[in-house]
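The values are calculated or read from the model by the stated rules, or taken from the named source; none is laboratory data. Quick caveat: nothing in here was measured; it's all calculated off a predicted structure. Cβ placement follows ideal geometry from the backbone for every residue including glycine, while neighbour counts extend to all protein chains displayed.
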Amino acid sequence: MAQLADLEARVRVLEDIEAIKKLKAKYFRCLDKKLWNEIEGCFVEDAAADYGPDIKLQGRKAIIEFLKNTLGQEPFISAHQGHNPEIEITSDTAARGIWVLNDHLIIKTIATLNGWGYYEDEYVKENGEWKKKSTKITRILEEWLTTKR
Amino acid sequence: MAQLADLEARVRVLEDIEAIKKLKAKYFRCLDKKLWNEIEGCFVEDAAADYGPDIKLQGRKAIIEFLKNTLGQEPFISAHQGHNPEIEITSDTAARGIWVLNDHLIIKTIATLNGWGYYEDEYVKENGEWKKKSTKITRILEEWLTTKR
Amino acid sequence: MAQLADLEARVRVLEDIEAIKKLKAKYFRCLDKKLWNEIEGCFVEDAAADYGPDIKLQGRKAIIEFLKNTLGQEPFISAHQGHNPEIEITSDTAARGIWVLNDHLIIKTIATLNGWGYYEDEYVKENGEWKKKSTKITRILEEWLTTKR
């Protein structure tokens, strides 16, 4: 039954890729719907986030605290999208991915941002569930509409 | 051969997820290219659509009639996109999905809308083909550019 | 073991679809990051590109030359996205796909374009790797912001 085991391994890779796509989708949904309890399940405890040159966060707790204190502030509306993923399963419990980022942010009443860039992520499978181990945003373009008073 | 049957079931789930993604893609393509005959195949006969607080439609016929009478009107240009799906196959013939919605609408010569939100869908497999059973849009943001005369 | 072979063929189709999605993602990433050497691997040598009524290119070399001379010019910023693919594997080594195109281009200091449309692609598997055989863009909408001096 060696052949069956080989095929099972290939199916598992496809399942893992789909699971990581769903993880990213859940992360965005929690972000934009401000579901701060549910978003916890997206990260391992020692996750790291690099959201830009001045925003480097260590640990799931620090990441979620940061998101709450920025996107969580009313009236802050966000619409995040991840596109055209290149996901690579590097072992049974590790993977990495590149995503195109496109976010649209209404920052209180001060500004609107249309942003484009990339995510570079690392994932780990923890108790059978894929989670974010690290995430890094590199922006290629920001378009700001600002309100002056 | 129990193991082969198990693996086949897992492959079928992956195939079903891909088929539902293609169904959504076909629905958008028919919408934006105004292919009103082809779009029929996307819905079961008793499908329901909830396109907003005041637009609740019952039956494939009513849904397509509504789409024709709105998006079908020239010069109405639409560009719909669905992103970051979270699809769950709940049985051999049933599934549900959450999608990020992003639409860009040029409504005659009156207005331009950039919209963001979510789709919550239910799907059924009818004669081996996945179709929409219900679809519900909840918007999180609308940006309107209107023309006053 | 006929059944195992059948299942293996179905798994291969799913793997091929994912590989083609990754090919498209790599193409966009190379385009927007101006990785002109890496983009070569996305095309077969006799690839054809139809980027619009007046831009019909024959051969990988001509395609990459064109991309370099347009998107490659500084300060030209591009952010391409492909959405909602409908990919069909037509043989072990051939496939076609329809994608929704959305590009955002900052053309030097002259103009900004938000574009929507479709890609119609053909792919071939060459030495086990999926590549673009042909690509055709049909636009449904262009929104230009131009600077007059």
- Task: For the range B:1-45, name all the residues that are surrounded by fewer than 18 Cβ atoms within 10 Å (Cβ to Cβ), free of Cβ contacts under 8 Å to residues at least 60 places away in the same chain and either more than 11 Å from every other protein chain (Cβ to nearest Cβ) or small (G, A, S) (or both).
- Result: B:A2, B:A5, B:A9, B:L35, B:W36, B:N37, B:E38, B:E40, B:E45
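Out of everything in the range B:64-79 that is of a type in the set (A, V, I, L, M, F, W, C) and surrounded by fewer than 16 Cβ atoms within 10 Å (Cβ to Cβ), what residue ends up being nearest to C:G82 (Cα to Cα)? Steps first, answer last, please.
Initially, the range B:64-79 is screened for residues of a type in the set (A, V, I, L, M, F, W, C), giving B:64, B:66-67, B:71, B:76-77, B:79.
Those still in the list that are surrounded by fewer than 16 Cβ atoms within 10 Å (Cβ to Cβ) too: B:66, B:76.
On the way: B:F66: 28, B:F76: 23 Å.
Here the residue is B:F76.
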- Among the residues of the range C:107-149, which ones are closer than 30 Å to C:E88 by Cβ and among the basic types (K, R)? C:K125, C:K131, C:K132, C:K133, C:K136, C:R139
- Hey, does the range A:91-98 have a residue that's outside any strand (DSSP E or B), charged (D, E, K, R) and out of contact with any strand residue (DSSP E or B) (no Cβ under 6 Å at 6 or more places or on another chain)? yes
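Test C:G59 against the stated conditions and say whether it is without any contact (Cβ under 8 Å) to a residue 24 or more places away in the chain, small (G, A, S) and either in contact with a helix residue (DSSP H, G or I) (Cβ under 8 Å, 6 or more places away or on another chain) or over 20 Å from A:H83 (Cβ atoms) (or both). Give the derivation first.
Details: without any contact (Cβ under 8 Å) to a residue 24 or more places away in the chain: yes; small (G, A, S): yes; either in contact with a helix residue (DSSP H, G or I) (Cβ under 8 Å, 6 or more places away or on another chain) or over 20 Å from A:H83 (Cβ atoms) (or both): yes.
Spelling it out, C:G59 is indeed without any contact (Cβ under 8 Å) to a residue 24 or more places away in the chain, small (G, A, S) and either in contact with a helix residue (DSSP H, G or I) (Cβ under 8 Å, 6 or more places away or on another chain) or over 20 Å from A:H83 (Cβ atoms) (or both).
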- Item | Hits in the range B:80-111 (condition: more than 14 Å from chain A (Cβ to nearest Cβ) and surrounded by 17 or more Cβ atoms within 10 Å (Cβ to Cβ)) | B:L105, B:I106, B:I107
- Quick one: count up the residues across the range B:46-60 that are more than 14 Å from the chain's Cα centre (by Cα) and surrounded by fewer than 14 Cβ atoms within 10 Å (Cβ to Cβ). 6
- Message: Looking at the structure I just gave you, is B:G72 under 20 Å from C:V100 (Cβ atoms) and more than 14 Å from the chain's Cα centre (by Cα)?
- Response: yes
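Does C:D103 satisfy the criteria of being acidic (D, E), within 21 Å of C:L141 (Cβ to Cβ) and either modelled with pLDDT of 95 or more or within 14 Å of the chain's Cα centre (by Cα) (or both)? Break it down stepwise before answering.
Numbers: acidic (D, E): yes; within 21 Å of C:L141 (Cβ to Cβ): yes; either modelled with pLDDT of 95 or more or within 14 Å of the chain's Cα centre (by Cα) (or both): yes.
Yes, satisfied.
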- For C:V13: the one exception among (1) closer than 30 Å to A:W116 by Cβ; (2) modelled with pLDDT of 95 or more: (1)
- Task: Within the range A:25-35, identify whether any single residue is within 18 Å of A:S134 (Cα to Cα) and not hydrophobic (A, V, I, L, M, F, W, C), and answer yes or no.
- Result: yes
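Residue check: is C:E120 within 15 Å of the chain's Cα centre (by Cα), under 30 Å from C:A9 (Cα atoms), touching a residue at least 12 places away in the same chain (Cβ under 8 Å) and not in a strand (DSSP E or B)? Before you say what the answer is, go through the steps one by one.
Values: within 15 Å of the chain's Cα centre (by Cα): yes; under 30 Å from C:A9 (Cα atoms): yes; touching a residue at least 12 places away in the same chain (Cβ under 8 Å): yes; not in a strand (DSSP E or B): no.
No.
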- Qualifying positions in the range C:16-68 - assigned to a helix (DSSP H, G or I) and acidic (D, E): C:D16, C:E18, C:D32, C:E38, C:E40, C:E65
